[in-house]
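One structure is given below, encoded as structure tokens.
The values are calculated or read from the model by the stated rules, or taken from the named source; none is laboratory data. As the structure is a computational prediction, the values presented were derived from the model and not from experiment. Virtual Cβ from ideal backbone geometry, glycine too; neighbours counted across all protein chains shown. Surface areas here come from the heavy atoms of the whole protein model, side chains and all, with no ligands, DNA or RNA. Shrake-Rupley method; radii C 1.70, N 1.55, O 1.52, S 1.80 Å.
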Amino acid sequence: MLTVTEELILLLIDDQEGSFVHIEPMRLDWLTAGGVLADLHFLERIEVGRSKLEVINESPTGELLLDPTLSDIGNSKKSRDLLYWLKHTALRAEVIRELALRRLVSSGILVVDEDGLHRRSRWVRDTHKYPILAEGENFEVKVRAMEALLSGVVPSKRDVAIVAVAHACNAFAALMSRDEFADIEAQCNRVCSTNRALQVLHETIEHGIESKSHTPTARGLPVIGNAIEMAGNVGQFLTDQYLKLGPVYRVKILNREYTVLAGANANNFVNRQGREYLRSKETWQDFDSELGASTSMVSADGEEHFKLRRGMRDAFSQRVVTNHIDRVVSIARREIGLLNDERPKRVHYTMQRLVSEQIGVLTTGVSPADCVDDLIFFLETMLLLRVTKARPSMELPMPRVKRAQKRLIEFANNVLNAHDPHLRQRQEPDLIDTILELHRQDPTLVPETDLVITSLGPFFAGLETAATASSFLLYTTLTQPDLLEEMRKEAAEFFEGPMTGERALETFDVIRRSMMETMRLFPVVPSIIRTVSNSFDFEGYRIPAGEQVMVAVSVPHYLEEYFPNPKEFDIDRYLPDREEHRKLGAYAPFGLGAHRCLGADFAELLVMTNIATLIHYFDIRLSNPKYTLRMRPIPTLHPDDGFRVHFEPRQSMAIRQDAKEAALEVED
């Protein structure tokens with residue numbers, strides 16, 4: 001039997017879009033909470049009253065959607081009213097909806113496509129019935145709701161509950177045109193009034209939705225606001241403010257103010273509905289213009305962004321690394337092996353050079369070695385001046401900036417010229433081939449003016465993701481000798497057998513979990529900046545259109561409720577019997593939503609392979625044994641230049657590998 005909660009979710013499924021109809025996130029959360037309390041009422045577990053909500057039967061219902069709320073009500077030491085428990089249940093609404101969607105898919109009522117979009121199954125669309133019964137009736141909820149409103153027949157209590165909760169959350173207004181809703185609004189009120197308890201539920205939801213809170217502000221200094229705290233450990237500062245001020249608060253950084261959305265619910269909102277309410281254009285458009293582009297993958301929104309991601313998905317997939325893992329290893333050995341002087345090496349810079357070379361070879365077929373420093377300098381300058389606005393734009397005309405810009409444009413054009421179709425006839429297509437094919441197929445999607453920035457995109461992304469993650473992982477590895485030993489054993493096992501991507505994914509267990517825990521503590525994307533495109537309510541706060549919001553995606557990483565002892569480095573969190581990162585909205589090292597890093601899986605395998613290669617073929621030691629990690633959050637979070645190491649070849653490994661390669665040559 002379906003629950004009322006599940007039927008309310010089905011009521012709002014839009015088959016065309018594959019998601020919910022346009023309804024504000026907070027209303028969707030209250031609709032979910034209302035469904036749960038209506039279910040508990042029907043199952044005779046609670047008695048609903050305006051001033052008091054009482055448990056009349058504490059025995060579990062057996063429903064995962066309902067029992068957590070029933071348990072919380074039963075265990076509460078204070079007597080709470082209906083409004084309190086609606087608000088309380090709304091906090092976990094995203095988790096409830098996710099569980100409900102999974103059940104509806106498994107029961108054949110919904111289907112889900114490869115993009116995670118949900119639609120009614122063909123059988124339900126054709127018959128307007130469910131393959132399983134819902135309290136003796138299997139006609140789908142939209143049919144029954146319309147009959148309850150238009151037939152004049154007294155509806156069942158279940159259908160009254162659906163109408164009462166849906167109407168309180170403006171669901172019918174979202175499902176119909178304005179004129180259509182005007183014709184049935186009176187009937188909605190009439191149906192709600194047929195059951196006293198459900199009318200109270202309806203009115204309480206309406207009251208809760210209309211109640212708005214004043215947004216608190218994080219305490220800071222005059223003029224500079226929270227600039228000092230944001231220049232330190234960004235994730236920890238945002239978490240501290242979340243614990244103090246709640247899921248919505250304001251921060252000031254010099255002359256800029258942001259509304260912060262924090263916590264797992266914020267992450268879930270961005271994942272599910274960010275595309276509808278948030279856009280990235282304003283954040284990145286000035287960056288694009290510096291390279292003559294109108295848009296790019298990171299600044300595009302909506303359908304344009306969806307088409308770009310779909311078109312380039314294969315070129316950024318993990319398979320690119322899997323198919324060429326021998327080249328990844330070879331480049332790592334060569335690049336680090338060339339660092340043969342005795343001076344300590346800046347780890348982050350070394351990783352940036354290494355990853356840029358690997359990305360160049362894998363995605364463009366062209367080495368960026370001659371312009372890596374220009375890539376690094378230009379990206380950092382643009383992030384400071386044109387994205388975060390941390391420095392004044394008057395620095396743009398500086399000769400060094402212009403020189404780097406010119407060299408990168410020349411490099412991008414050389415890459416594009418090397419991919420003339422006549423020169424690539426018998427070669428494996430790479431990212432640049434994909435970009436040029438998209439341009440030929442749809443010049444409006446990828447115009448000629450956008451080819452330069454699109455070609456440089458993987459380099460920019462790698463400098464801020466794979467290189468940074470590799471740097472942090474090397475630090476956690478070097479500072480934990482026992483962990484280093486375990487990782488070395490795993491690396492040795494990999495290099496003793498066939499060097500394939502599939503074997504790497506099978507072999508790297510400790511390395512993978514070490515990477516995941518490192519990225520929990522040091523996420524490459526601790527927060528994301530977006531502009532609100534459509535006003536919405538979130539957690540009792542009104543977020544107006546045009547507002548600049550900072551989604552603090554890493555806050556759940558540091559919360560006890562998701563990761564017990566969150567400051568402790570513990571790779572066992574990711575073992576099958578714990579899997580703490582699987583909690584909805586808890587783990588987001590590569591960002592969230594429509595703009596989540598497209599190459600995240602690519603980057604993860606690249607990071608693991610690089611670290612495995614380095615610890616297997618080199619002895620690595622800190623230049624200062626007493627060094628403790630310090631971070632630079634500007635322009636993006638990365639280790640400071642004090643993190644330096646010495647690389648020394650492990651002679652036994654080099655001799656063994658050379659012998660292995662010689663043997664293979666003889667066999668050939």
How many Lys pairs in the range 1-135 lie less than 17 angstrom apart by Cα atoms, where the lysines are 8 or more positions apart or on different chains?
4
Name the shape class, rounded, prolate or oblate, that the alpha-carbon gyration tensor gives for the range 1-152, where a ≥ b ≥ c are the square roots of its eigenvalues, rounded holds for a/c under 1.5, and otherwise prolate holds if a/b is larger than b/c and oblate otherwise.
prolate
In whole percent, what relative contact order does the range 1-135 give with Cα contacts below 8 Å and a gap of six or more residues?
30
Of every Cα-Cα pair in the range 478-535, the percent that sits beyond 16 Å:
58
Helix 510-521 sits at what angle to the longest principal axis of the chain, using alpha carbons and giving 0 to 90 degrees rounded to 10?
70
Given 0.36 nm per residue, what is the gain on full extension from Asp341 to Glu493 after removing their alpha carbon distance, in nm?
51.7 nm
Angle between the chain longest axis and helix 157-168 axis [Cα atoms, degrees, rounded to 10]:
60
Once you have all Cα-Cα distances for the range 518-597, histogram them in 5 Å bins from zero and send the whole-percent values.
3, 14, 21, 21, 16, 12, 7, 5, 1
Could you order the peptides 352-358, 240-246 from most to least packed, using the average number of other C-beta atoms within 10 Å per residue?
352-358, 240-246
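Where Lys and Arg each count +1 and Asp and Glu each count -1, what net charge lies around Leu354 among other residues with Cβ under 11 Å from its Cβ?
Working: positive: Arg333, Arg334, Lys345, Arg353; negative: Glu335, Glu357.
Spelling it out: positives minus negatives among the neighbours equals +2.
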Once you place label points 7 Å from the Cα toward the Cβ at Arg219 and Leu622, how far apart are they in nm?
3.4
From the helices alone, meaning DSSP H stretches of at least four residues, give me the mean residue ellipticity at 222 nm for the chain, per-run term -39500 (n - 2.57), in deg cm²/dmol to the nearest 500.
-16000 deg cm²/dmol
How much length, in nm to one decimal, is gained on full extension between Ser294 and Asn255, taken as 0.36 nm per residue of separation minus their Cα-Cα distance?
11.4 nm
Alpha carbon centre of the range 400-465 versus the range 565-640: separation in Å?
29
Excluding residues fewer than 8 places away in the same chain, name every one of the lysines whose C-alpha is closer than 24 Å to that of Lys252.
Lys212, Lys244, Lys281, Lys389
Would you check the accessible area of Phe647, probe 1.4 Å, heavy atoms only, in square angstrom rounded to 10?
20
Percent RCO, i.e. relative contact order, over the chain, from Cα pairs under 8 Å lying at least 6 residues apart
16
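So what's the projected area for the range 266-363, the Cα convex hull averaged over all directions, in nm²?
Numbers: hull surface 37.8 nm².
About 9.4 nm², averaged over all directions.
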What's the angle, to the nearest 10 degrees (0 to 90), between helix 600-617's Cα axis and the longest principal axis of the chain?
40
What distance in nm separates the simple spin-label points at Asn565 and Gln427, each placed 7 Å from Cα in the Cβ direction?
5.2
Averaged across orientations, what area in nm² does the convex hull of the alpha carbons in the range 240-281 project?
3.7
Over the alpha-carbon set of the chain, work out the extent along each principal axis and list the three values in angstrom, largest first.
85, 64, 53
The range 150-240, relative contact order in percent, only Cα pairs under 8 angstrom and at least six apart counted
29
